[in-house]
1. Go ahead and set up a Gaussian network model of the chain, Cα springs under 10 Å, then flag whichever of ALA27, ALA12, ALA43 fluctuates most.
2. On the protein heavy atoms, probe 1.4 angstrom, tell me the percent of accessible surface of the chain carried by carbon and sulfur.
3. Given the rule -39500 (n - 2.57) for each run of at least 4 DSSP H residues, summed and divided by the residues of the chain, what is its mean residue ellipticity at 222 nm, to the nearest 500 deg cm²/dmol?
4. Within the range 1-23, which residues have the backbone N less than 18 Å from the label spot 7 Å out from ALA55 along Cα→beta-carbon, could you tell me?
5. Which of these, LEU42, LEU16, LEU26, has the largest mean-square fluctuation under a Gaussian network model of the chain (Cα springs below 10 Å)?
6. Accessible area per residue of the chain at 1.4 Å probe, in Å²?
Amino acid sequence: MNVGLLLFLGLALGGLGCLVGGVLVLAGPGYALLSAGAALLLAAGFIRRGLVAEARP
């Protein structure tokens, strides 16, 4: 598989996991998990945009 695709999938799954964990905790570390999850999903979005632009002729 492509390295960019694996990086995208890892960041997206990590971000989703952090968001779910942050919602379940919702105490002091829960807010840190929520912000980390949002940051990971934003990073995955940038990588996805690059992968889509790379695939176009």
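1. ALA27
2. 76 percent
3. Result for the chain, helices only: -32000 deg cm²/dmol.
4. 1-13
5. LEU26
6. 70 Å²
The values are calculated or read from the model by the stated rules, or taken from the named source; none is laboratory data. Remember, predicted model here, so these are calculated numbers, not experimental data. So basically every Cβ, Gly included, is an ideal-geometry build from the backbone, and we count neighbours across all protein chains shown. All accessible areas refer to the heavy atoms of the entire protein, side chains included, with ligands and DNA or RNA removed. Shrake-Rupley method; radii C 1.70, N 1.55, O 1.52, S 1.80 Å.
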